[in-house]
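A short write-up of the structure that comes next.
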Amino acid sequence: GGSEVSEQTQLQFLSFNIRYGTADDGANSWPARKKLVADVISEVSPDVLAIQEALDFQLDDLADVLSEYVKVGLHRGGGTKGEFSGLYVHPHRLSIFKSGTMWLSDQPDVIASKGWDAALPRTAIWADLQRPDETRFRVYGTHFDHVGEQARLESARLIRKHADCGLPVIIM
């Protein structure tokens, strides 16, 4: 018998720093760019979206385009407090079988913990996903600190250690 190639041979990933919505960006402020952000997400239609710097009101503004997706992870202050640098997964294309939030610090389970020389609390959101063909992999959505050099190095080490899970890994 012949072998059939699945129509879903490639996955589409999008990592998108939408810039926090309260920034003093003048002509490029959030109200001026929110439609463009929504249009890009809609046009790419990723299987997995890693979004960075999203405040809760921005996610509300993007609710229509994100309605097909499952939000994975907590904001850096816990719950929906502060910026979200997490994942959106398309549930009709991928199954989520495990996921979590870790703070990029020496106390990764402590909500809003700040690591090393970081200016702000940072997170890595992860999800173990399965394709319809039962292939499994782990994906991370993260956003390293903009100030702390040691924090960036230690964050990478922390994720690398966590990613030693026996699955293929994608870090966004």
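The values are calculated or read from the model by the stated rules, or taken from the named source; none is laboratory data. This one's a predicted model, so the numbers in the text were calculated from it and none came from an experiment. Counting neighbours? That spans all protein chains shown, and the Cβs are built from the backbone with ideal geometry, glycine included. Only protein heavy atoms, including side chains, enter the accessible area calculation; ligands, DNA and RNA are left aside. Shrake-Rupley method; radii C 1.70, N 1.55, O 1.52, S 1.80 Å.
A few comments on the model shown:
- Condition check for M172: buried (at least 16 other Cβ atoms within 10 Å of the Cβ), within 13 Å of the chain's Cα centre (by Cα), closer than 23 Å to R33 by Cα and not small (G, A, S): yes
- Test: residue in the range 73-86 that is surrounded by 15 or more Cβ atoms within 10 Å (Cβ to Cβ) and over 18 Å from L120 (Cβ atoms): no
- In the range 125-135, residue least open to solvent (accessible area, probe 1.4 Å) [restricted to those that are part of a loop (DSSP other than H, G, I, E, B) and free of Cβ contacts under 8 Å to residues at least 60 places away in the same chain]: T135
- Residue in the range 3-20 that is over 25 Å from V169 (Cα atoms) and either surrounded by 12 or more Cβ atoms within 10 Å (Cβ to Cβ) or under 16 Å from the mean Cα position of the chain (by Cα) (or both) present: yes
- Criterion (open to solvent by less than 80 Å² (accessible area, probe 1.4 Å), among the charged types (D, E, K, R) and in contact (Cβ under 8 Å) with a residue 40 or more places away in the chain) met by exactly one of R138, R122: R122
- Selection of the range 102-122 for residues being in contact with a helix residue (DSSP H, G or I) (Cβ under 9 Å, 6 or more places away or on another chain) and part of a loop (DSSP other than H, G, I, E, B) yields L104, S105, D106, P108, K114, G115, W116, D117, A118, A119, R122.
- Taking each residue of the range 19-33 that is of a type in the set (F, W, Y) and looking for partners that are surrounded by 16 or more Cβ atoms within 10 Å (Cβ to Cβ) and part of a helix (DSSP H, G or I) with beta-carbon atoms closer than 7 Å, six or more apart or interchain, yields W30/Q58.
- Checking L94, L104, L55 one by one, the residue that is open to solvent by less than 10 Å² (accessible area, probe 1.4 Å), of a type in the set (A, V, I, L, M, F, W, C) and within 21 Å of Y20 (Cβ to Cβ) is L104 and no other.
- Scanning the range 22-76 for residues that are hydrophobic (A, V, I, L, M, F, W, C) and more than 25 Å from M102 (Cα to Cα) turns up A23, A27, W30, A32, L36, V37, A38, V40, I41, V44, V65.
- Within the range 43-99, considering residues that are assigned to a loop (DSSP other than H, G, I, E, B) and hydrophobic (A, V, I, L, M, F, W, C), the one nearest to the chain's Cα centre (by Cα): L74
- Among the conditions (1) within 13 Å of L129 (Cβ to Cβ); (2) in contact with a Lys or Arg (Cβ under 8 Å, 6 or more places away or on another chain); (3) basic (K, R), the only one that R76 does not satisfy is (1).
- Scanning the range 15-52 for residues that are within 23 Å of R76 (Cα to Cα), touching a helix residue (DSSP H, G or I) at 6+ places or on another chain (Cβ under 9 Å) and of a type in the set (S, T, N, Q) turns up just one, T22.
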